[in-house]
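The values are calculated or read from the model by the stated rules, or taken from the named source; none is laboratory data. Computed from a prediction, not measured in an experiment: that's the story for all the values here. Every residue, glycine among them, receives a Cβ derived from its backbone with ideal geometry; neighbour counts consider all protein chains shown.
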Amino acid sequence: MKFSLIAVLVVALAIGSESASLVKRDASAELEKIAKYFQDLVDNLKNVEAPEMANKAKAYFEESRAQFQPMVEKLQEQLKPLSNIEDQIKPLAASVQAQVAPLSELVQSQVDDMLKFVVEKTKAIMPPK
């Protein structure tokens, strides 16, 4: 039994070391592919001239603008009614403020009266000096 356990352990170690070496080889091959891709990309970018790239970028932006311009105009048309809301809310806010102002003054006067009452009662309770 000991011999079979040792044999299984040796086989497992051999398989494990072989699979690790395969992984290392695959990883280096993949790493080389990635490095080659980026090197090719850098070489291609070096070959492109700056004016050509600028013209391509300008054409791309013009195409994008042409695509988005109708959507922007449509959005602006949809938002126009919202700009009138401020004009409608101002009178409403003024009306609410006019109705709330007397109530807030009443609450303020009642709070002041209550504080005066508490101060007077506190002075009456305190011993004379």
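Leu31 satisfies every condition listed in (1) surrounded by 10 or more Cβ atoms within 10 Å (Cβ to Cβ); (2) modelled with pLDDT of 75 or more except (2). Among the residues making up region 110-129, those that are exposed (fewer than 10 other Cβ atoms within 10 Å of the Cβ) and part of a helix (DSSP H, G or I) are Thr122, Lys123, Ala124, Ile125. Criterion applied to Lys58, Lys46, Lys24 was being modelled with pLDDT of 80 or more and not hydroxyl-bearing (Ser, Thr, Tyr), and the one residue passing it is Lys58. The set of residues in region 56-115 being of a type outside the set (A, V, I, L, M, F, W, C) and more than 34 Å from the chain's Cα centre (by Cα) consists of Pro91, Ser95, Gln97, Gln99, Pro102, Ser104, Glu105, Gln108, Ser109, Gln110, Asp112, Asp113.
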